[in-house]
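Asks: Take this structure first; my questions come after.
The values are calculated or read from the model by the stated rules, or taken from the named source; none is laboratory data. What you are looking at is a predicted structure, and each value in this text was computed from that prediction instead of being measured. With ideal geometry, Cβ positions are generated from the backbone for all residues, glycine too; neighbour counts draw on all protein chains shown. Protein only, heavy atoms only, side chains kept; ligands, DNA and RNA dropped before computing areas. Shrake-Rupley method; radii C 1.70, N 1.55, O 1.52, S 1.80 Å.
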Amino acid sequence: MEGNKPDSGDQTGDLQAIAKGGRTNVLGFVLRLLARLPFLFIAGQLYGAAAVGIYAYALLGVELTALVCSIGEKRGLAQRLSEGKEAPAPLIADSMLIALILSSAVAAAFFMFPAPLFPNGMSNELDRWIVLAIPGYALTEIVLAAQAYKYDIATTVRARAIVEPWTISILAGAFWFVPAIGDAGLAMAYLASIYAGLATALIPFFKSYGLPHGWVPHPGRIARMVARAAPLAVTDAIEWGTRRVDLLILGWFAGPVAVGIYYMAQQVASLPQKLKTSFEPILGPVITARLKEKNYAAIAKQVCQVGFWIIAAQLGIALALGIPGEALMGLLGDDSEFVPGTAALAFLLAAEVVAATAVVSEAALVYMARVRNLWVSIGTIGLQAVMTVAAMIVIDTIDFASPDRADIYRAAAAAGALMIALGFASLVKAVMLSRILGHSINNWRWALIWATGAAVLVGQVAIMLPEWAELAIGIPAILAAYGYVIWTRGFGPEDRVLFSKKKQAEAAKAATSPDQ
């Protein structure tokens, strides 16, 4: 679904482009949700918390190294293509070549020495083959970034919201019944899903850019590209790490069962996180276009507008998933195995809401103050790590009835540390961006309070219902109450561009015209 880029001077066109990309990716969020829940159910019911914990810990190394090997091109590619005078295909080929070389080398090292990925041992010797996902993941990041530059968000939706999650869900169930694979089914299903997503992305990519005819790799050119991309790559890794360092540290202090429970809570909480990434691919190209004109007022307006959209959507989903959280976690495994992760789930959902301002501010900071943004990101993950370790040490001094109970408190403490650290990042990055742009960055509106109150009231009724009704009726009812209030009291004409392709877009244009 490739769209036309808005006119460089048309702020309303920017808003419509961002809204269109957001609508497409929000649809992807819904599709991802429908596919992700079966995977969580299959993983919990068939494999159990211990196997999930081993798999989850291995993903830490796989996805972090893959992200680093993509050399920051998830966001940096848009700027390189915008500034480049040569054909885009060779520029992208440079990125893909270096990503392939780096990721293949790391994958080979992890295959030979898998202990860092599996500190508690492997479920099956086949688990080590999960390292082959590293090159596929890195290349997919670059290909999807290239398509996003063309305003083609539909490819991201197909690859990441349909093909990848449905592949892992179906194969995780199928591999369980293959004796030779057994508990390694989670790793094998993940590996297959990554390459299925890459294949899905490459088809429209080659249609958009073609082959890099006449391209010859040049060490000097590639070295300059890597040097320029290094801060972005580190920033991406740190931003990713703030969502994983909690799991990493928890794995040092707790066993695989606690890691598995926390991972399940993290996966449920990450569903609203996808709403932030719904706008990232399209927001980057729009911001780079405004930077060329030095139109800082437009950038501030876009960041505030998109920030409110994200917070409003994430808060509603966090309430809908968090209020009936105990019933939701109970659905994921036998004998309420994952219910102790409810407190961690609540903190993780809150963390996603407070992180929204940092994410949209960073969308501009990575182009305008990438080094300062990097230092703030380093400070954030450092703060999170210190608070998490400190909480683990304090919990070690308390006499609990059983080690399992202590692990549950450790999981909740790790999630709480993440929430505080992300709140710090949002505050600092919003202030930093407002000073650079000379315009205020504020995503808050009082309607969020009223909508939250309505959702909580409905939720208190929902939790008195039987568990099946709490989920089947309660979640939609909470969303409906929240959505009605936020729509009637929080959304103006510009906000409603997000939900309308024509009528509200015209209303937004009228609202922003100089005559008003």
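Asks: Only four residue types carry charge here, +1 at the Cβ of Lys and Arg and -1 at the Cβ of Asp and Glu. Report the dipole size of region 37-100 about the Cα centre in Debye, rounded to the nearest 20.
Replies: 100 debye
Asks: Another question, if that's okay. What is the calculated FRET efficiency for Ile449 to Glu86, with r their C-beta to C-beta distance and R₀ = 45 Å, to the nearest 0.05?
Replies: For R0 = 45 Å, the calculated efficiency reads 0.30.
Asks: Just one of [x] 34, 30, 21; [y] 40, 29, 21; [z] 39, 34, 20 is semi-axes √(5λ) of the Cα gyration tensor in Å as worked out from the coordinates here. Which one is it?
Replies: The calculated read-out lines up with [x].
Asks: Which order do peptides 219-225, 337-343 fall in by mean Cβ count within 10 Å, highest first?
Replies: With the highest mean Cβ count within 10 Å placed first, the list reads 337-343, 219-225.
Asks: Still on this structure, please answer the following. Applying 1/(1 + (r/R0)^6) with R0 = 51 Å to the Cβ-Cβ distance of Lys294 and Trp252, what FRET efficiency is obtained, to the nearest 0.05?
Replies: Approximately 0.60, to the nearest 0.05.
Asks: Spin-label point model (7 Å from Cα, Cβ direction): what's the Asn442 to Arg372 distance in nm?
Replies: That separation, rounded to one decimal, is 2.1 nm.
Asks: Output the relative contact order of region 170-312, whole-number percent, from Cα pairs under 8 angstrom with separation of 6+ residues.
Replies: 9 percent
Asks: Now for a separate question. What nm distance separates the two modelled labels at Val389 and Leu100, each placed 7 Å from Cα along Cα→Cβ?
Replies: Calculated label separation equals 4.0 nm.
Asks: Moving on. Which whole-number percent is the relative contact order of the chain (Cα, under 8 Å, 6+ apart)?
Replies: Once normalised by length, the contact order is 20 percent.
Asks: Which percent of the accessible heavy-atom area of region 420-486 goes to carbon and sulfur, probe 1.4 angstrom?
Replies: For region 420-486, the apolar C and S fraction of the accessible surface comes to 75 percent.
Asks: Quick one: which residues, 5 or more positions from Asp152 or on another chain, have an amide H under 5 Å from its amide H? H modelled 1.01 Å from N in the peptide plane, none for Pro or chain starts.
Replies: Answer set, sorted by chain and number: Gly3.
Asks: Could you rank the peptides 199-210, 321-332 by their average count of other C-beta atoms within 10 Å per residue, with the highest value first?
Replies: Highest-to-lowest ranking by the protection proxy: 321-332, 199-210.
Asks: Work out the length of the dipole vector of the chain about its Cα centre, built from +1 on the beta-carbon of each Lys and Arg and -1 on the beta-carbon of each Asp and Glu, and round it to the nearest 20 debye.
Replies: 1880 debye
Asks: With every protein chain kept in place and ligands, DNA and RNA left out, what is the accessible area per residue of the chain? Probe 1.4 Å, answer in Å².
Replies: 40 Å²
Asks: Rounded if a/c is under 1.5, else prolate if a/b beats b/c, else oblate: with a ≥ b ≥ c from the C-alpha gyration tensor eigenvalues square-rooted, which is region 81-149?
Replies: Prolate is the answer for region 81-149, as a/c is 1.5 or above and a/b outweighs b/c.
Asks: About the Cα centre of region 321-456, what is the dipole size in debye to 20, counting +1 per Lys and Arg Cβ and -1 per Asp and Glu Cβ, all else neutral?
Replies: My answer is approximately 1040 debye.
Asks: Set the Förster distance to 51 Å, then compute FRET efficiency between Arg221 and Phe113 from the Cβ-Cβ distance, nearest 0.05.
Replies: 0.95
Asks: Per DSSP H run of n ≥ 4, the term is -39500 (n - 2.57); total these for the chain, divide by its residue number, and report the mean residue ellipticity at 222 nm rounded to 500 deg cm²/dmol.
Replies: Using -39500 (n - 2.57) per qualifying helix, the result is -25000 deg cm²/dmol.
Asks: Between Arg405 and Ala230, what is the spin-label point distance in nm, taking each point 7 Å from the Cα along the Cα→C-beta axis?
Replies: For Arg405 paired with Ala230, the spin-label model returns 5.1 nm.
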